[in-house]
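Values quoted throughout were computed directly from the atomic coordinates according to the rules given, and no laboratory measurement underlies them. Worth saying up front: this structure is predicted, and the values here are computed from it rather than measured. For neighbour counting, all protein chains shown are included, and Cβ atoms are generated from backbone atoms with ideal geometry for every residue, glycine included.
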């Protein structure tokens, strides 16, 4: 069913536009206050340019609903109504999680105000800074307010953001990242930034916040401002502390003389990751068979030489197609029964793009084994494939027939047979009288 | 000669013999019919269905055998059992039962009778019980244990005795179904071989011994009975060439043949259980050799040789056995074997054996329930065997002693006692009837003569064995009336040839006068027999014919109400879950799930891996948080529990729970403790006073989940344990209720997947229910500096 719907969306993608598309679909619902809708035109136009169909909805409007008949209506949801305290009935933290469960991607902006979304962030192991404490930095010296901060993008950052993007303007709250392995940090606060009330600047509020937060000052590069999260279904969600970074204003604002800010690029890249355009992988198919065979067996025998092959594709957002991908260097295969009995590297096959193949010996242990490929890297789609095969002992005629070690037994058996034959011959051909006597004696 | 009642005088002896043999044949046919018919209660009351637990595996294996052939069956590796360990079925099964059904199936199909394999399996046990009756008849009659009337009685007894029916009703497709026939027939062939010293019969005994080895683990009983018999014969100085030939041919061929069964393999030469047979074989060779030497050397030399030889061989044998045992070449006795000697052993060391109800020591009532009046005829029959004490009587005596002991140790071993009880009871009853039906009356003699006679033939009692005496004497006196001819014919038919009859020609002094005393005893005996039949019928129809897959209760109006929860649940699994969904349940239900639901199971009734069973026990007895990783690791998709509290089904999992705890504790003594499931007062409770460990255990939660909802605010009541449950039902975070059967007997839970967002499922549930989460604090990243 899932595969079918994916196919369907792919078909739609091919049919409707030649532009790049997400791997999961192109309908986007944008939940934004109607009056603020025009603030983000550059971002929205960018999305339209790529081929997305945008639908707008006010946070308190009743339609279009997120989920109808248990089926999500949109492939992606952008929630820019970051300051709304109340939403329509169908937009609740629970329904947003349900969306993720059905492989709908989310892009959610928080604000310094306490909203229902703040508590939702906690479910994603994010701890937003206390309400009313935006991120502040007095460096570098500039004419803007201290809560409007240029953040440069580290060179060694994840592959989500295009390399050499100019620094971006940021304004909003920040959050501490939990140790959830599903979190993907996208942009961290600068080292000199901290969370505090803007102009009050009183030490008391800082201390308050520190005590509330429980870990000293909300400060430094450990704070995140944009973070991704990849749910177990593969659905992605991006949290940002401030919606302004997607605005036209910041996109056009210069970070230095003559250098436009990177906000436009950053917004598009973030959306591309969130909407499963970039860094999307999948396992097309897997194959397994014995050495010198082509078809998979229903079961393997212990100590067989097995060949396992996985075909992996990456989604190409430029063409909107899946292309074989050989770029994974650290793929591993496990052959598991309760514990991995075999764990080998699964290297890319040089001849065929997208093919990863390895040969290994099945363990000397019968049981129900699983070929497991479990590849989880931050930012990339998690790859998981599990194939169950029984590994059985040799058949009754599968053992070696003659063992050199057994010759003493063979000789014993043969010599006894020969001896018995000779004895019987001599006995029968010999004295008949005695035989008769013996028999008569026995029968008594 | 005075007779108590007139005998017809105009019947030719040939007619009598023919009529007698016709009656014998008709009687045997009727006995077979009765044997089969009384086992069909299960089919008539319920339906043609496989019963209980183990038969479901045998049935499943037979289907594989029938559809894929013998070689595929031999190499069958079942990946769905003991997931994920799998089970090498071909090498861990006694294939005799399946092979028998397979042969019958193929034969019927070859003659164009397309009978379903299920019907063959269901009706195999009744069919073989008819054969058992026949084998019993052969054993008693042909071996001249007594005579053909005793044989017919024994056959009739074994045909309907509940102790045997309990394991062989239609649908009880278990190894015992054919094993008892094989047991009786092997013993018959052994005694026959011993009696005539025939290597042919010895070989036949070995062949049937092989069949028995292939069919039932209880073959060890034969493996030790026959050597014991041989040993006793040697010790009693009854060594003969007949014994030598019979035993050697049986042992050599039987052992080699039994080693061909993959499951048995090298056990006959490696394990202690089989060492007795080997030792007796060796002893026989020595004794035979000694006989040979004695016939060639003088007595004095022989005495010396004998002493030397006995000492040397005894020492040598002990040292060899000791060394081999120490080296591990001979496996020490298995736990199951120890538990036969020490009834408390299993409970202490192998809870998994003790947890099986049929391994419990036998209670007295069950002897009466299973054997009725045979149980008090049994000792009399054993004593009657002592009167003649030929080799075969010795066999019956040894069998009786051994089987009585084992039947006292384990309930299920009443089954091995039953045949010998039937045989001895038949000997007793037939002696009694012989004595009282016999028309001849004792001669009235004066006291002095009788005293003198009683002095010359002391211990000549009034039993069947000595009945013929006066008639023989009379025949010798050539009284040429047709009556005497007839009586001698009857004599030949009804009584055994006793050695006493040969030497004594004196007129009888003891006997029964008149017809009234005869009628009294015979009527009483008949009454007992009739009552026995009524008892057997009642027990069979009420106690032993329930398939246990389908339960029956009666409605208020007396009509039968079928409770079919098990099949309802198993078919739900079959139709609503993916083919490879792993189902976890306690091991009792493993075979049924595999057979009826066709789903992989973690553990089943073949309890070969204690650790795996303990893992399931641990999962059941731990809290959800602890159990969940275990479930995930074993790829468990569904958990099945049996819950009887609603309708009062006492065989449910909460009652078995203590065994799960004990077995788990045996492997993880630190993590599971039996004591924490008992209240401080030492009670096992499920109500408000249940311990927190009990209430948090997965088993408790799954059993009583949403149970209170049924009572709509009233106090819920556990009808099995007669305890009032808390009004608040337990909650489940890591499992979802997937299915609950009509009477709540079977409850199936689906194991949830890991949370979408990587949370633990408890907080995920709390979030989904809209509960506010406590504001979490960020994880401290800085560590305090330590100097």
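What full-extension length gain, to one decimal in nm, is calculated for residue B:727 and residue B:557 as 0.36 nm per residue of separation minus the Cα-Cα distance?
Gain on extension, residue B:727 to residue B:557, equals 57.9 nm.
Which one of A:237, A:411, A:160 has the biggest mean-square fluctuation once chain A is modelled by GNM with Cα springs under 10 Å?
A:411
For the protein assembly as shown, rounded, prolate or oblate, judged on the Cα gyration tensor with a ≥ b ≥ c (square roots of eigenvalues), a/c < 1.5 rounded, else prolate if a/b > b/c?
Prolate.
Is there a simple number for the mean count of other chain Cβ atoms within 10 Å of the Cβ of residues in B:79-86, and what is it?
Mean shielding by partner chains, rounded to a whole number: 6.
Provide the gained length on full extension for the span residue A:397 to residue A:70, in nm with one decimal, where the gain is 0.36 nm per separating residue minus the Cα-Cα distance.
The residue A:397-residue A:70 span can extend by a further 112.2 nm.
Can you compute the FRET efficiency between residue B:676 and residue A:49 using 1/(1 + (r/R0)^6), with r the Cβ-Cβ distance and R0 = 45 Å? Round to the nearest 0.05.
For residue B:676 and residue A:49, the calculated efficiency is 0.10.
Spin-label point model (7 Å from Cα, Cβ direction): what's the residue B:12 to residue A:292 distance in nm?
8.0 nm
Return the calculated 222 nm mean residue ellipticity for chain A, to the nearest 500 deg cm²/dmol, obtained by summing -39500 (n - 2.57) across DSSP H runs with n ≥ 4 and dividing by the residue count.
Per the formula, -7500 deg cm²/dmol.
List the pair-distance distribution P(r) of chain A, using every Cα-Cα distance, as the percent of pairs falling in each 10 Å bin from 0 up to the bin containing the longest distance, rounded to whole percents.
Going from the shortest bin to the longest, the percentages are 4, 17, 22, 18, 12, 8, 4, 3, 3, 3, 3, 2, 1, 0.
Cβ neighbours within 10 Å, averaged per peptide: list B:55-63, A:301-309 in order, most packed at the top.
B:55-63, A:301-309
Helix-derived [θ] at 222 nm for chain B: sum -39500 (n - 2.57) over DSSP H runs of at least 4, divide by residue count, nearest 500?
That comes out to -18500 deg cm²/dmol.
Between residue A:330 and residue A:303, with labels modelled 7 Å along Cα→Cβ, what's the label distance in nm to one decimal, could you check?
Roughly 3.6 nm, to one decimal.
Quick one: Cα centre-to-centre distance for region A:82-149 and region A:227-263, in angstrom?
13 Å
Given Cα pairs under 8 Å that are at least 6 residues apart, what percent is the relative contact order of region B:562-616?
So the answer I get is 33 percent.
Along Cα→Cβ, 7 Å out, is where each label goes; now give me the distance between the ones at residue B:515 and residue B:313 in nm to one decimal.
My value for the distance between the label points is 6.3 nm.
Over region A:296-365, calculate the relative contact order: mean separation of alpha carbon pairs under 8 Å at least 6 apart, over the residue count, as a percent.
About 39 percent, as a whole number.
Need one value for B:755-762: mean number of C-beta atoms belonging to other chains within 10 Å of its residues' C-beta atoms.
Mean number of neighbouring Cβ atoms from other chains: 6.
What is the extension gain from residue B:390 to residue B:580, computed as 0.36 nm multiplied by their sequence separation minus the C-alpha to C-alpha distance, in nm to one decimal?
In short, 62.3 nm is gained.
Taking 8 Å as the Cα distance limit and 6 or more residues as the minimum spacing, I'd like the relative contact order of chain B as a percentage.
Contact order relative to length: 13 percent.
Relative to the longest principal axis of chain B, what angle (0 to 90°, nearest 10) does the C-alpha long axis of helix B:414-437 take?
Compared with the principal axis, the helix lies near 30 degrees.
At R0 = 41 Å, how high is the FRET efficiency between residue B:106 and residue A:406 if r is their beta carbon distance? Nearest 0.05 is fine.
0.70
Counting other C-beta atoms within 10 Å, which of B:410, B:402, B:236 has the fewest, and how do the rest follow?
B:236, B:402, B:410
Can you give me the angle between helix A:432-443 and the longest principal axis of chain A, using Cα atoms only, in degrees from 0 to 90, rounded to the nearest 10?
Between helix and principal axis, roughly 60 degrees.
Which percent, to the nearest 5, of DSSP beta bridges fully inside chain B are antiparallel?
Of the beta bridges lying entirely in chain B, close to 80 percent run antiparallel.
Once the Cβ-Cβ distance between residue B:302 and residue B:368 is put in as r, and R0 is 60 Å, what FRET efficiency do you end up with, to the nearest 0.05?
According to the calculation, E is roughly 0.65.
Please compute the average number of Cβ atoms from other chains found within 10 Å of each residue's Cβ in peptide A:177-184.
Average neighbour count from other chains, rounded to a whole number: 3.
What is the angle, in °, between the Cα long axis of helix B:148-160 and the longest principal axis of the Cα atoms in chain B? Nearest 10 is fine, range 0 to 90.
10 degrees
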